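*Asks:* Take this structure, written in structure tokens, and hold onto it; I'll ask about it next.
The values are calculated or read from the model by the stated rules, or taken from the named source; none is laboratory data. None of the values given here were measured: they were computed from a predicted structure. When we count neighbours, we look across all protein chains shown, and the Cβ atoms used for this are built from the backbone with ideal geometry, even at glycine. Ligands, DNA and RNA are excluded from the accessible area calculation, which covers all protein heavy atoms including side chains. Shrake-Rupley method; radii C 1.70, N 1.55, O 1.52, S 1.80 Å.
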Amino acid sequence: MIIEPTCQKLAEVVVTLAASKGLTAATAESCTGGLISAALTSVPGSSAVLTYGFVTYANEAKEDLLGVAPGVIAAHGAVSQHVAKAMASGALARSGADLSVAVTGVAGPGGGTEQKPVGLVCFALAGPFGVRAEQRLFPDTSRDLVRLLTTRNALRLLKRGIALIQSP
């Protein structure tokens, strides 16, 4: 698989930084369908860093594989910072990794609502620093571009998370 150059470069930085600190990472992906893990595994040496890549596209997968409580999804919807945080926490706990990143969003072209339009993506990063969440709206973009921009942002979050963790 050919990875877009910016994602490739970010993935190389993430793998190099994590490996230099002896850190491991896990991903929990919904709208990207494994693109974040694919970017990381395109880098030689990534096996020392990436422990698990959860692709949890369906709500049932989020619940079964990551332990996201059905009540969280029911109360906030699958595309929410609450669910992204629960996904990141679940990936961290179930993988034993040092940090995890999670994404859930509306890639389009359909599926958007007025409250949660196409291009809305929620991100979460979990590690020894706790769980942090944010959301982005990538407007007027195609499905492929939403997924690409989501992958880029998730890799940037991993890079930031690695910087927050002191070397052992």
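*Asks:* Quick one: which of VAL146, VAL106, VAL131, VAL83 is open to solvent by less than 40 Å² (accessible area, probe 1.4 Å), in contact with a Leu (Cβ under 8 Å, 6 or more places away or on another chain), at pLDDT 95 or above and among the aliphatic types (A, V, I, L, M)?
*Replies:* VAL106
*Asks:* Is at least one residue of region 86-97 closer than 21 Å to SER37 by Cα, at pLDDT 95 or above and outside any helix (DSSP H, G or I)?
*Replies:* The answer is yes, given that some residue of region 86-97 is closer than 21 Å to SER37 by Cα, at pLDDT 95 or above and outside any helix (DSSP H, G or I).
*Asks:* Going through ALA154, ALA163 one at a time, which residue ends up being touching a residue at least 12 places away in the same chain (Cβ under 8 Å), buried (at least 19 other Cβ atoms within 10 Å of the Cβ) and of a type outside the set (Lys, Arg)?
*Replies:* From the options ALA154, ALA163, the qualifying one is ALA154.
Table: residues versus (1) within 21 Å of ALA58 (Cα to Cα); (2) in contact with a Leu (Cβ under 9 Å, 6 or more places away or on another chain); (3) open to solvent by less than 40 Å² (accessible area, probe 1.4 Å).
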site: HIS76; (1), (2), (3): yes, no, no
site: GLY96; (1), (2), (3): no, no, no
site: ALA102; (1), (2), (3): yes, yes, yes
site: GLY111; (1), (2), (3): yes, no, no
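*Asks:* In addition: Mind checking whether some residue in region 47-63 is in contact with a Phe, Trp or Tyr (Cβ under 9 Å, 6 or more places away or on another chain), closer than 17 Å to GLN8 by Cα, without any contact (Cβ under 8 Å) to a residue 40 or more places away in the chain and not charged (D, E, K, R)?
*Replies:* The answer is no, given that none of the residues of region 47-63 is in contact with a Phe, Trp or Tyr (Cβ under 9 Å, 6 or more places away or on another chain), closer than 17 Å to GLN8 by Cα, without any contact (Cβ under 8 Å) to a residue 40 or more places away in the chain and not charged (D, E, K, R).
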